[in-house]
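Here's the structure we're looking at; comments come further down.
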4 protein chains.
Amino acid sequence: MSAAAPIRVGVLGAKGKVGRAICEAVEQAPDLELVAEVDHGDRLESFGEAGTQVVVDFTHPDVVMDNLKFLVSNGIHAVVGTTGFDDTRLDTVRSWLIERPDVGVLIAPNFAIGAVLSMRFAEAAARFFDSVEVIELHHPNKADAPSGTAYRTAALISEARRKAGVGPSPDATTTELDGARGADVDGVRVHSVRLAGLVAHQEIILGTQGETLTIRHDSIDRNSFAPGVLLGVREIGNRPGLTVGIDPLLDL
Amino acid sequence: MSAAAPIRVGVLGAKGKVGRAICEAVEQAPDLELVAEVDHGDRLESFGEAGTQVVVDFTHPDVVMDNLKFLVSNGIHAVVGTTGFDDTRLDTVRSWLIERPDVGVLIAPNFAIGAVLSMRFAEAAARFFDSVEVIELHHPNKADAPSGTAYRTAALISEARRKAGVGPSPDATTTELDGARGADVDGVRVHSVRLAGLVAHQEIILGTQGETLTIRHDSIDRNSFAPGVLLGVREIGNRPGLTVGIDPLLDL
Amino acid sequence: MSAAAPIRVGVLGAKGKVGRAICEAVEQAPDLELVAEVDHGDRLESFGEAGTQVVVDFTHPDVVMDNLKFLVSNGIHAVVGTTGFDDTRLDTVRSWLIERPDVGVLIAPNFAIGAVLSMRFAEAAARFFDSVEVIELHHPNKADAPSGTAYRTAALISEARRKAGVGPSPDATTTELDGARGADVDGVRVHSVRLAGLVAHQEIILGTQGETLTIRHDSIDRNSFAPGVLLGVREIGNRPGLTVGIDPLLDL
Amino acid sequence: MSAAAPIRVGVLGAKGKVGRAICEAVEQAPDLELVAEVDHGDRLESFGEAGTQVVVDFTHPDVVMDNLKFLVSNGIHAVVGTTGFDDTRLDTVRSWLIERPDVGVLIAPNFAIGAVLSMRFAEAAARFFDSVEVIELHHPNKADAPSGTAYRTAALISEARRKAGVGPSPDATTTELDGARGADVDGVRVHSVRLAGLVAHQEIILGTQGETLTIRHDSIDRNSFAPGVLLGVREIGNRPGLTVGIDPLLDL
């Protein structure tokens, strides 16, 4: 890496479970310095006093807009994993950034780099294969099937195939026990496994004559967001304006 | 291996696709000798003239009973992959064997050792895990879903769990897109993938707190029956009477 | 399950990390009741006072022999995960059990059911396949390669093949970059992967003409011993004398 | 697909094993028409007479240059899988194309789309993960370990990490049985499995805190080049000049 001065990082929601994991990750990164930890009840001004360059916000939809308004108006970049951003909120953030064109804000629903990469790779590969199916596997306490990631993956694959004029995956099934062939998401078959001993996993299998390509993502702990957050912290200073999702940071 | 004289092997249906593959496999095995090849129109007596000890029969339901009657009455062991054996036919073969208690006959619907082993292992492991699901993956020209092997695997797992008093796999799904959670076969979820580039594959995943055990069988060509047939040829001389399925030969 | 009275369970080393996990697992099992938690400085007599039937001991080599002597002489079954048992110690425990032939003691180095099952399955399958190799994958902080489990797995496979007269796995390699073909453990190739994001995983791949059988074990948290410990607690009352390893409990 | 007239395709080396597979694949594609089959001894002029637009050449290094010179000078596009192209030969082809700027020639050492995609994905992902290793698995008759594809994959990964300033994969191994950790190819560990029942497979595993991304390619028959060749046939008419490798056609 470079011998430049470390980036000065602050954390909002520093005492929450996620916030603590981020503080720890920042402290272990040699090119980052943790200079301010702020939680419910603390003053936002301490970020400025500490010379903070980038603030990570994993807080709550109720407070995140106030946080962001403060950070943007004070020239501090932001990396945001807090949920609840709809188009109205995103437009509001954009309007603040017009006043401060030097500031970068990254808002992402998913910081797991492997999950984002696997979706992008599946999308890029989809048009070259006759067949594609998705298997997602999760712990048995999950309430929805398929997972949100599987829905989104199937949608990306489906759109890529439609654009390239690729027809549906071949399937000669005439006798099916109800459910065997999985759910149909935009023309892509999705299978949801729920199993003790698993956390969050997804496999995209693409096949053509004589060969298959499999893209698999395994996430086994809740800290798998940390590398993606650090990537955001390192990059957001060079990306003024609003960035939605970590995909643009991956240079694919 | 032993320095004993090679076993003298004959093949019935020797000119068919499967028959030719078996002839080739026998010829390549140093402990076996191919002494007679018989097909439609040839005389069965040539087996006796060649001193055949074991005959492999992959022919047709219309002729296999006549073949077997001849072989048993002439004291020749038989390894049979021909289909169409119901209880009545099996009882008929047993009645012939009463007259010739020195002769062994093996009739098996599936000679793929890996497939049989994986079913047995799944059955043995099933009661130690909270969760179990089956994923079977085949070429897209297959008409039925799930596969016959998957049905049988699920039934074996289900019975093992029932005997041990194990309850159903935990599943908190409340929102399911139709088919996502697969088919329910005797209480076991089975997922059927159909994909260009595949042949015949099955994966049984068992899970409990913090760990999973996966048993996977991949069959990529039609000759995967050959090692199982050779195993039958080598063992049937020591197993007088009727043996159904190769399971007993595996000493599990 | 049965409607019998729950088994009354005590835990030694109850305040340690492992001990707490076991207490929690016992409390969640409907057929078990946690009646006594004992740690450093507590009186062993409290087990008798609480009517304990089985005690789980994950303590220290320095104290485990005293614990066991007390438990056996008081007619309490024991399930022991503490390390440091050599032949001398095992003989001492056996001598105590002669006096109390009604008591069962289970001492096991590895309670991960999946790991034990996968080794047994590999051993049972080894003689039916031309080829077999082992890939073990662990976190990058592991000091030894291959893992102890991989060494033991390879030894079991090698012995099973030797007994059955199976020759070495075929290998036509003539040009090898140093290390590419893995380590040779008793004639079995073992490959050790070390990777961030992994915990402890092992895959045994067996192959013959046209088919492969893969047995894979994934352990992703430190609590993967719990189901094996509970299995021991449930079974040890029916197995008087000394049992070493959980293998006999698996009825394979 | 489009309702345009089918592309008129010729095949050179049409009677060879590969040539016949390509003829068959062309005949089955609705948007392609097989108009000329040429083999040793046949006249190249028949391509022109048949109105051939694209010729596929899987012949021999001894004749491929003469073939190409004829095709280029006659304004016929070429897709070439014949081996033996060094820089000198490529430059010669380029010089011919200067005269015919409307003609496209694709020369590729590997037409397996899945193999090429998996290398590109590994290269794109490499800089975002702390760790990466490669496992390649082949039939036991292969002479070299690692495979050529594995060497090239490791080189691409290594170069991508070097450019991004990523250090070596973490590895705390202090005790290693010789070969356990695989071969070191440009700083990337590569493991070579040789197993009966396999054909050609490769798995790239990338890991960071709490997550792994696995990219796996399985090739199970010799016809896995066909989809890549057809892709070349469809695209080369729009790509005048020399294209080396199918990567540019994949739009990654």
Review point. Taking a label point 7 Å from Cα toward Cβ, how far is residue A:20 from its twins in the other copies, in nm, shortest first?
Key: 1.1, 6.9, 7.0
**Study point:** Neighbouring partner chain Cβ atoms per residue of A:135-141, average, 10 Å criterion
**Key:** 4
Practice item. Give, in whole angstrom and from largest to smallest, the semi-axes √(5λ) of the equivalent ellipsoid of the protein assembly as shown, with λ running over the eigenvalues of the Cα gyration tensor. Key: 48, 47, 25
Revision key, fill the gap. Chain B to chain D by rotation: the residue of B with the beta carbon nearest the axis and the rounded distance in Å are B:220, 2
Study note, to complete from the structure: Ranked on Cβ counts within 10 Å of their own Cβ, fewest leading, C:235, A:45 go A:45, C:235
**Study point:** In nm, spacing of pseudo-spin labels at residue C:98 and residue A:176 (7 Å Cα→C-beta vector)
**Key:** 6.8
Point to revise | Most mobile of A:128, A:47, A:111 in a GNM of chain A (Cα contacts under 10 Å) | key: A:128
Check your understanding: Shortest first and in nm to one decimal, what separations exist between residue D:172 and its copies in the other chains, measuring from label points 7 Å along the Cα-to-beta-carbon line?
Key -> 3.2, 4.3, 5.3
Review point. With a ≥ b ≥ c the root eigenvalues of the C-alpha gyration tensor of the stretch B:113-220, is it rounded (a/c under 1.5), prolate (a/b larger than b/c) or oblate?
Key: oblate
Practice item. Going by C-beta contacts inside 10 Å, put C:106, C:90, B:137 in order with the fewest on the left. Key: C:90, B:137, C:106
Review point. What FRET efficiency do you get for residue B:141 and residue C:91 if R0 is 56 Å and r is their Cβ-Cβ distance, rounded to the nearest 0.05?
Key: 0.35
Point to revise | Proximal lysines relative to residue A:69, as straight alpha-carbon distance under 23 Å, when same-chain residues fewer than 8 apart are discounted | key: A:15
Study note, to complete from the structure: With +1 at each Lys and Arg Cβ and -1 at each Asp and Glu Cβ, the charge dipole magnitude of the stretch D:197-252 around its Cα centre, to the nearest 20 debye, comes out at 220
Practice item. Could you state the angle between the C-alpha long axis of helix D:113-125 and the longest principal axis of the C-alpha atoms of chain D, as a value from 0 to 90 degrees rounded to the nearest 10? Key: 40
Point to revise | Assigned charges on the beta-carbon of Lys, Arg, Asp, Glu; chain C dipole about Cα centre (debye) | key: 140
Exercise for review: Report the residue, chosen from C:179, C:207, C:75, that carries the largest GNM mean-square fluctuation when chain C is represented by alpha-carbon nodes joined by springs under 10 Å.
Suggested key: C:179
Check your understanding: Using a label point 7 angstrom from Cα along Cα-to-C-beta, what distances in nm, from shortest up, separate residue D:66 from the other copies?
Key -> 5.9, 8.5, 9.4
Point to revise | Ellipsoid semi-axes in whole angstrom, largest first, where each is sqrt(5λ) of the Cα gyration tensor of chain D | key: 39, 19, 17
Practice item. Would you mind calculating the gained length between residue C:162 and residue C:74 on full extension (0.36 nm times residue separation, minus the Cα-Cα distance), in nm to one decimal? Key: 27.1 nm
Review point. What value, in deg cm²/dmol to 500, does the helix sum -39500 (n - 2.57) over DSSP H runs of n ≥ 4 give at 222 nm once divided by the residues of chain A?
Key: -10000 deg cm²/dmol
Point to revise | Candidates B:172, B:112, B:226: whichever shows maximal mean-square fluctuation once chain B is modelled as a Gaussian network with Cα springs under 10 Å | key: B:172
Review point. So for the pair residue B:186, residue B:20, with labels modelled 7 Å out along Cα→Cβ, what separation do we get in nm?
Key: 3.9
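Here, each number is a calculation from the coordinates, and none is a lab measurement. Since the structure is predicted, the reported quantities are computational estimates derived from the model, not experimental observations. Please note: Cβ atoms are built from the backbone with ideal geometry, for glycine as well, and neighbour counts cover all protein chains shown.
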